[in-house]
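Trainee: The structure follows.
The values are calculated or read from the model by the stated rules, or taken from the named source; none is laboratory data. A quick note: this is a predicted structure, and the numbers were derived from the prediction, not measured. Cβ sites come from the backbone with ideal geometry, for glycine too, and all protein chains shown count toward neighbours.
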There are 2 protein chains.
Amino acid sequence: MVSSIIILHARDNVAVARQSIGPGDWLEPDRLRASEPVPRGHKVAIQRIAAGETVRKYGQVIGTATQDIEPGQHVHTERLEMRDFALAHEFCVDAEPAALLPEAERATFQGFLRADGRVGTRNYIAVISSVNCSATVCRAVADHFNNKGGLANHPTVDGVIALTHGGGCAINIKTEGYLYLTRTLAGYATSPNVNGVLMIGLGCETNQIPAFMQARGLAEGPLLRTMTIQETGGTRKTIAAAIEAINSMLDTVGAAVRTTQPASALVLALECGGSDGYSGISANPALGHAADLLVRHGGTAVLAETPEIYGAEHLLTRRAATPAVAEKLLARIDWWRDYATRNDAELNNNPSHGNKAGGLTTILEKSLGAVAKSPHSQLEAVYEYAEPITAHGFVFMDTPGYDPAAVTGQVAGGCTIICFTTGRGSTSGFKPAPCIKIATNTPMFQRMADDMDIDCGGIVDGTDSIEAAGRRIFARILAIASGEPSLSEQLDYGDNEFVPWQIGAVM
Amino acid sequence: MVSSIIILHARDNVAVARQSIGPGDWLEPDRLRASEPVPRGHKVAIQRIAAGETVRKYGQVIGTATQDIEPGQHVHTERLEMRDFALAHEFCVDAEPAALLPEAERATFQGFLRADGRVGTRNYIAVISSVNCSATVCRAVADHFNNKGGLANHPTVDGVIALTHGGGCAINIKTEGYLYLTRTLAGYATSPNVNGVLMIGLGCETNQIPAFMQARGLAEGPLLRTMTIQETGGTRKTIAAAIEAINSMLDTVGAAVRTTQPASALVLALECGGSDGYSGISANPALGHAADLLVRHGGTAVLAETPEIYGAEHLLTRRAATPAVAEKLLARIDWWRDYATRNDAELNNNPSHGNKAGGLTTILEKSLGAVAKSPHSQLEAVYEYAEPITAHGFVFMDTPGYDPAAVTGQVAGGCTIICFTTGRGSTSGFKPAPCIKIATNTPMFQRMADDMDIDCGGIVDGTDSIEAAGRRIFARILAIASGEPSLSEQLDYGDNEFVPWQIGAVM
Ligand SMILES: [Ca+2]
Ligand SMILES: [Ca+2]
Ligand SMILES: [Ca+2]
Ligand SMILES: [Ca+2]
Ligand SMILES: [Ca+2]
């Protein structure tokens, strides 16, 4: 018989109801019955929790019992509240180093070892626009290779991506906004999944290519070329020169071969978009388990989307490997408060009325539903948007929650593969990194079968477990990192989702 | 013999040196000699200007003489300064109604008369993404029609444009940023150059299509369809359904025919990008003359790019048709001050050191170089970004100076044709509106001959006049409005320059 509850973590003293539970219904066969109604998705106590004791879900504290709670009782706003226990100065107290597997037991995949020691999962050439004004030229160049036979003799090149965007001019170069843009462009130019780069400018833009190259420590070479439309003499001449420049790279780029590489070289972007009430109990915990496995094999998993962890940052600072990591996270939270204030935006991750009706009680619990897709080990590093990721294990990057801008930052930071959980059905992809779509519920998985790689709905239905789904996701990460196309790659997503996070004024 | 100076307006008491002038050189053959050196691009007095009198260039006041100036003397920082003469309360004092031509003498063009009485210059179908997440689907749909034969039997349809962008989610719908985005999307959906619309969403985005439609007063019909990827069941099904939806529009859209229409129906976007030292003395004044002609024929010319007129707004408020128009302009200037402050950006249109070396003395003079591309008649209306343009004559729209965002706002407001002056060589285009490129100098025109429609360099060289070039531009406006393709259309620009001005926070 399928259990009527989901226990999200072995340390939890509450579980989540898979479906509506009535008084007297068995929670665990022959062991525990519900003593009162528990709506679907709501919490029920599976241990005795005395008044003043902490309530744990996801293995983490989500609040404090306001009265004695007996096993089988419904745990919600009347019995649970958030108290000021998670103080900023308690840095690192919950940090647990990753339980690394012995080297001999670690997984491998087939990847492209690059000169800098990093390992790519794809072998792309990128045509990067310095400014919107060169976007059409960049796309015409990519089109020549992708759709007009330009790669016919080079099957080992995965494609030519045009990385175009709406910015690059009329921006103050002393601002954070310009730093974010240029760090993003440089991050893609140096991605392990990109093996050749042509950067094309208009010529008169604020984002001058030579200054950009110098500021980001990039130098021209056979596999990193630049040109401007104005210097080259207009659109047609630039497209011709660009095709010639890329043609000159094709033999070298195409000569790259996949070799057996350790899973520790993988840098996984964790993302959720189009969340639903199941995200926090099926796909996210399953991805968290897969991320645990990746980290135990020595790899890196990158949580992001700062607005979605807002209000629970103290749980992450408690898990920080060092006080400096915790402080960097809190600095980003402060930045967000200021950003929101300056822009009349609201930074509020408190459970909404609808969230509460769905069973979420506290801001910690809501944020933990987003954090659930990350590893359980200590937080090794915090990165600003599009900063190069160098640490291994569980790391965090400051990004908005907005999917394309978040993933663009992660890929710019060096992520070579993406796992994207979704309840409503997000379909996007993000060249040059393959993206694996993980559905939170089976009806959506079936309705959008062309787009969804993995179904975690069985966790809700009781036919699957978080651990089993996590192992399936991890296996899929290795397979897709090794070259198998994800569904969004088969659908040719990824040419329109390069969205550098734009902050600051457009003048 | 070619005159060594350019007189920009009959009311001016200074002229601009075409080339370096030495003491004793003739300024006007047999009439006026230079009494001292005047560098190229600098001003020279052509009348006596007493200390305290105003100095006029572009027919406008650019400052006050600080000493008596004799004809033939160099007029720059030592003899000219800006004083507080242009006060905000002097609204409307310089307003001159347009000198409309008699109806019988007015020009016509071949355009598409739409049901609402407006007239299109092109006959497009638009696939509009509500959010970045549907961009790839929108582009795949457009590709089917533009590049895979989907329009084979419909030669009278100019194309299917995918209007995709980086926004649409993680934005507060109560903010100006959301208003600007939705006004822009609605403006393109209702453009006279767009005859059929399919709006595609993902489904879970902030910018919900039904709410958007209601807020913007749009209703579904045979030529305005909507769908979401999530409701339609994923990427492949949505592309198929979208192609079917557009196929159902093709006969109706393709049945539109060009008929003789008055030039008064034209709404011209004025834009400059990649300016150089010649912009203010050749292409901009020539375009200003063409805009004068358009306005005299009853048409509308839309100046934009608020940061470029900053500091000279009082010259425009003096030309305002009504105090309300002047007040609306000043309100936008106040908005910009606040926007710049909030974003640590600098709003400073003062002549730079380089500008001064080039001969520009005051902020008024610099701004007037940008204003020079607009008509000389009174300012009839001021519009916020992407607001529907309803007035005729000379109007202003608040946009950034950044070309793609500026033109996107103008086209959203209803502009059906664009004249774009450039000194460095901007190459972009903006479907669904044709864009005419006007070069400020002949060397660039020749170097970028594939991209530049019109050369105004002869004004600098003395082989052409502002009036003659203006008449050529006006003739080209009528020809291109009637269906002749501009060079940027021949190069298929315009699929990547739809850049709604993004202001506010991305969360
Ligand atoms: Ca999310
Ligand atoms: Ca997200
Ligand atoms: Ca056609
Ligand atoms: Ca300009
Ligand atoms: Ca501009």
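Trainee: For the structure I just gave you, tell me whether A:N349 is out of contact with any Asp or Glu (no Cβ under 6 Å at 6 or more places or on another chain), under 29 Å from A:A439 (Cα atoms), without any contact (Cβ under 8 Å) to a residue 60 or more places away in the chain and within 14 Å of chain B (Cβ to nearest Cβ).
Mentor: In short, yes.
Trainee: To continue, here is another question. Have a look at A:S275, A:S282 and point out the one that is closer than 13 Å to A:K373 by Cα, away from ligand 4 (no atom under 16 Å from the Cβ) and within 14 Å of chain B (Cβ to nearest Cβ).
Mentor: Answer to the selection: A:S275.
Trainee: Touching a strand residue (DSSP E or B) at 6+ places or on another chain (Cβ under 6 Å), within 27 Å of A:G429 (Cα to Cα), surrounded by fewer than 18 Cβ atoms within 10 Å (Cβ to Cβ) and modelled with pLDDT of 95 or more: does that describe A:T260?
Mentor: yes
Trainee: Additional query: Just the residues that are among the β-branched types (V, I, T), within 14 Å of another protein chain (Cβ to nearest Cβ) and in a helix (DSSP H, G or I), please, taken from the stretch A:208-260.
Mentor: Scanning the stretch A:208-260 gives A:I229, A:T232, A:T235, A:T238, A:I239.
Trainee: Right, another one. Filter the stretch A:434-481 down to the residues that are acidic (D, E) and modelled with pLDDT of 95 or more, then identify the one that is farthest from the chain's Cα centre (by Cα).
Mentor: Selected residue: A:D464.
Trainee: Continuing with the same structure: Considering only residues that are of a type in the set (S, T, Y), more than 14 Å from B:G280 (Cα to Cα) and assigned to a loop (DSSP other than H, G, I, E, B), which ones fall in the stretch B:427-459?
Mentor: Listed by number, the residues that qualify are B:T427, B:S428.
Trainee: Which of the helices (runs of 4 or more DSSP H) contained wholly in the stretch B:305-360 include at least 1 residues that are under 13 Å from B:F396 (Cα atoms)?
Mentor: Qualifying helices (runs of 4 or more DSSP H): B:306-309, B:313-318, B:323-342.
Trainee: Next question, about the same structure. Taking the stated definitions as given, is B:R318 among the charged types (D, E, K, R) and modelled with pLDDT of 95 or more?
Mentor: When the stated conditions are applied, B:R318 does not pass them.
Trainee: I would also like to ask the following. Return the residues of the stretch B:5-54 that are polar (S, T, N, Q) and either without any contact (Cβ under 8 Å) to a residue 24 or more places away in the chain or on the phi > 0 side of the Ramachandran plot (or both); say none if nothing qualifies.
Mentor: B:Q19, B:S20 - these are the residues of the stretch B:5-54 that are polar (S, T, N, Q) and either without any contact (Cβ under 8 Å) to a residue 24 or more places away in the chain or on the phi > 0 side of the Ramachandran plot (or both).
This table checks each residue for (1) free of Cβ contacts under 8 Å to residues at least 40 places away in the same chain; (2) away from chain A (no Cβ under 14 Å); (3) β-branched (V, I, T); (4) surrounded by fewer than 24 Cβ atoms within 10 Å (Cβ to Cβ).
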| position | (1), (2), (3), (4) |
| --- | --- |
| B:Q378 | no, yes, no, yes |
| B:A405 | no, no, no, no |
| B:C419 | no, yes, no, no |
| B:F445 | yes, no, no, yes |
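Okay, residues lined up against (1) in contact with an Asp or Glu (Cβ under 8 Å, 6 or more places away or on another chain); (2) away from ligand 5 (no atom under 13 Å from the Cβ):
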{"site": "B:E365", "(1), (2)": "no, yes"}
{"site": "B:E384", "(1), (2)": "yes, yes"}
{"site": "B:Y402", "(1), (2)": "no, no"}
{"site": "B:Q410", "(1), (2)": "yes, no"}
{"site": "B:C415", "(1), (2)": "no, yes"}
{"site": "B:A433", "(1), (2)": "no, yes"}
{"site": "B:F445", "(1), (2)": "yes, yes"}
{"site": "B:A449", "(1), (2)": "no, yes"}
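Trainee: Which ones in the stretch A:472-487 are outside any loop (DSSP other than H, G, I, E, B) and either among the acidic types (D, E) or within 10 Å of chain B (Cβ to nearest Cβ) (or both)?
Mentor: Of everything in the stretch A:472-487, just one residue is outside any loop (DSSP other than H, G, I, E, B) and either among the acidic types (D, E) or within 10 Å of chain B (Cβ to nearest Cβ) (or both), namely A:L487.
Trainee: Looking at the stretch A:488-504, I want the residues that are more than 7 Å from chain B (Cβ to nearest Cβ) and have a partner that is among the aromatic types (F, W, Y) with Cβ atoms under 6 Å, at least 6 apart or on another chain. Which pairs are those?
Mentor: Listed by first residue and then by second, the contacts come to A:G494/A:F430.
Trainee: Continuing with the same structure: Could you check B:L202 against (1) closer than 15 Å to B:S129 by Cβ; (2) in contact with a strand residue (DSSP E or B) (Cβ under 8 Å, 6 or more places away or on another chain); (3) surrounded by 20 or more Cβ atoms within 10 Å (Cβ to Cβ); (4) more than 9 Å from chain A (Cβ to nearest Cβ) and say which number it fails?
Mentor: In the conditions (1) closer than 15 Å to B:S129 by Cβ; (2) in contact with a strand residue (DSSP E or B) (Cβ under 8 Å, 6 or more places away or on another chain); (3) surrounded by 20 or more Cβ atoms within 10 Å (Cβ to Cβ); (4) more than 9 Å from chain A (Cβ to nearest Cβ), B:L202 misses (4) alone.
Trainee: List the residue pairs whose Cβ atoms are under 6 Å apart, where the first residue sits in the stretch B:136-159 and is assigned by TED's automatic domain parsing to the domain that holds B:L223 and aromatic (F, W, Y), the second is more than 16 Å from ligand 1 (Cβ to nearest atom) and not in a helix (DSSP H, G or I), and the two are 6 or more positions apart or on different chains.
Mentor: Listed pairs, sorted by first residue: B:F145/B:L151; B:F145/B:V160.
Trainee: Let me ask something else about it. Filter the stretch A:295-315 down to residues that are at pLDDT 95 or above, away from chain B (no Cβ under 14 Å) and in contact with a strand residue (DSSP E or B) (Cβ under 7 Å, 6 or more places away or on another chain) and give me whichever is farthest from ligand 4 (Cβ to nearest atom).
Mentor: A:G298
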